[in-house]
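The structure follows.
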Amino acid sequence: MIPVSVYIITKNCEPTLRQTLASVADFAEIILVDSGSTDNTIEIAQEFNCKIYHQDWLGFAKQKQLALSYCKSEWVLNLDGDEVVSPLLKQEIIDCVNNNAVDGLDIPIEDYFLGFPPSKGSRYNHRIRFFKRNLGGYNLEKEVHESITVNGNVFKAQGKIQHYGENSIAIKIDKNNHYSQLRAIEKFAKGKKSSLLKLIFIMPLTFIKSYFFRRGFLNGRRGFISSMINAFYAFLKEAKLYEAYLKAKHD
């Protein structure tokens, strides 16, 4: 048994959760905090002897911080209900626990899109997902794109977390619509204002970044489609920030 606590927040993760849990079935503890699933998420979690808690939705950072607080092991790993730990990453986690030379791992996220992984030449997003429990935590002011801050030595992992949450264009667009709303609310609450220059240029600049600098072009038409959606997401955040300003002005 690998002496690590895994914590996951869920809501209606039935299509991918069994694969997620199978990849960490030999970890010491799996904490699952569910916010009201109506599919078979809970039944699947019970198959893997997860410790299951219910919590109405608090927001991404607060929900994950709550799940983290239930963990008992010195080392913890955060996954979403549509993510899988690769064999190489699992071995790196075991080595970290045994050697105790670092305090966390910054892990590449392998985003599958339309059912296929990115090209090996693509640039991956990285997230700190594995760390010593007493050294890490979340910024609870973040509405979305929450991240873990670790007060210690963090090493870049070679093994990946495989993310299967964007297997259709509709799912990716729905997610971006929701996230852009949360991000705009967060920025408006901090006093940020929409910029006309950003509205004009953020979409083409984000496309260039995604398609060329992050090498989305290596993924063929899938890369082009994904980069276009990423660019529109960036535009939506600015447009919704302007919308929030107009609404506040007229209330």
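Scan segment 160-167 and give yes if some residue there is open to solvent by 40 Å² or more (accessible area, probe 1.4 Å) and more than 30 Å from Lys11 (Cα to Cα), otherwise no.
No, there is no match, as no residue in segment 160-167 is open to solvent by 40 Å² or more (accessible area, probe 1.4 Å) and more than 30 Å from Lys11 (Cα to Cα).
Would you check if there is a residue in segment 202-217 being closer than 29 Å to Ala67 by Cβ, of a type in the set (A, V, I, L, M) and free of Cβ contacts under 8 Å to residues at least 40 places away in the same chain? Walk me through how you get there before you give the answer.
So the first thing to find is which residues in segment 202-217 are closer than 29 Å to Ala67 by Cβ, and the list is none.
No: zero hits.
Pick from segment 139-154 the residues that are touching a strand residue (DSSP E or B) at 6+ places or on another chain (Cβ under 6 Å) and closer than 10 Å to Gln65 by Cβ: which of them is least open to solvent (accessible area, probe 1.4 Å)? Show your work before the answer.
We begin by selecting, within segment 139-154, every residue touching a strand residue (DSSP E or B) at 6+ places or on another chain (Cβ under 6 Å); these are 146, 148, 150, 154.
After this cut, where a residue has to be closer than 10 Å to Gln65 by Cβ as well, the list is 146, 148.
Details: Glu146: 33, Ile148: 16 Å².
It comes out as Ile148.
Another question, then. Quick one: in segment 112-138, of everything that is under 13 Å from the mean Cα position of the chain (by Cα) and open to solvent by 50 Å² or more (accessible area, probe 1.4 Å), which residue is nearest to Ala170 (Cα to Cα)?
Asn125
May I ask you to say which residue of Ala239, Ala170 is in a helix (DSSP H, G or I), modelled with pLDDT of 95 or more, of a type in the set (Gly, Ala, Ser) and within 23 Å of the chain's Cα centre (by Cα)? Let's see the steps before the verdict.
On the way: Ala239 fails: within 23 Å of the chain's Cα centre (by Cα).
It is Ala170.
How about segment 173-202: which of its residues are in a helix (DSSP H, G or I), open to solvent by less than 60 Å² (accessible area, probe 1.4 Å) and not charged (D, E, K, R)?
Asn176, Tyr179, Ser180, Leu182, Ala184, Leu199, Ile202 - these are the residues of segment 173-202 that are in a helix (DSSP H, G or I), open to solvent by less than 60 Å² (accessible area, probe 1.4 Å) and not charged (D, E, K, R).
Only one residue in Ser147, Ser210 is within 30 Å of Arg222 (Cα to Cα) and modelled with pLDDT of 95 or more, so which one is that? Break it down stepwise before answering.
Working: Ser147 fails: modelled with pLDDT of 95 or more.
The unique qualifying residue is Ser210.
In segment 203-217, which residues are open to solvent by less than 80 Å² (accessible area, probe 1.4 Å) and part of a helix (DSSP H, G or I)? Please lay out each step first, then the result.
Kept after step one, since they are open to solvent by less than 80 Å² (accessible area, probe 1.4 Å), are these residues of segment 203-217: 203-204, 206-208, 210-211, 214, 216.
The answer is Met203, Pro204, Thr206, Phe207, Ile208, Ser210, Tyr211, Gly216.
Does segment 63-81 include one or more residues that are touching a Cys at 6+ places or on another chain (Cβ under 8 Å), more than 23 Å from Asn167 (Cα to Cα), crowded, with 17+ Cβ neighbours inside 10 Å and of a type in the set (Gly, Ala, Ser)?
Scanning segment 63-81 turns up no residue that is touching a Cys at 6+ places or on another chain (Cβ under 8 Å), more than 23 Å from Asn167 (Cα to Cα), crowded, with 17+ Cβ neighbours inside 10 Å and of a type in the set (Gly, Ala, Ser).
Enumerate the helices (runs of 4 or more DSSP H) found wholly within segment 29-125, keeping only those where 1 or more residues are modelled with pLDDT of 95 or more and within 17 Å of Val4 (Cα to Cα). Let's see the steps before the verdict.
Details: elements: 41-47, 60-69, 87-99.
By residue number, 60-69, 87-99.
Could you please find all residues in segment 40-84 being among the charged types (D, E, K, R) and more than 25 Å from Ile171 (Cβ to Cβ)? Break it down stepwise before answering.
Narrowing segment 40-84 to residues among the charged types (D, E, K, R): 43, 47, 51, 56, 62, 64, 72, 74, 80, 82-83.
Scanning segment 40-84 gives Lys51, Lys72, Glu74.
The values are calculated or read from the model by the stated rules, or taken from the named source; none is laboratory data. Quick caveat: nothing in here was measured; it's all calculated off a predicted structure. Here the Cβ is made from the backbone with ideal geometry for all residues, glycine too, and neighbour counts use every protein chain on show. Ligands, DNA and RNA are excluded from the accessible area calculation, which covers all protein heavy atoms including side chains. Shrake-Rupley method; radii C 1.70, N 1.55, O 1.52, S 1.80 Å.
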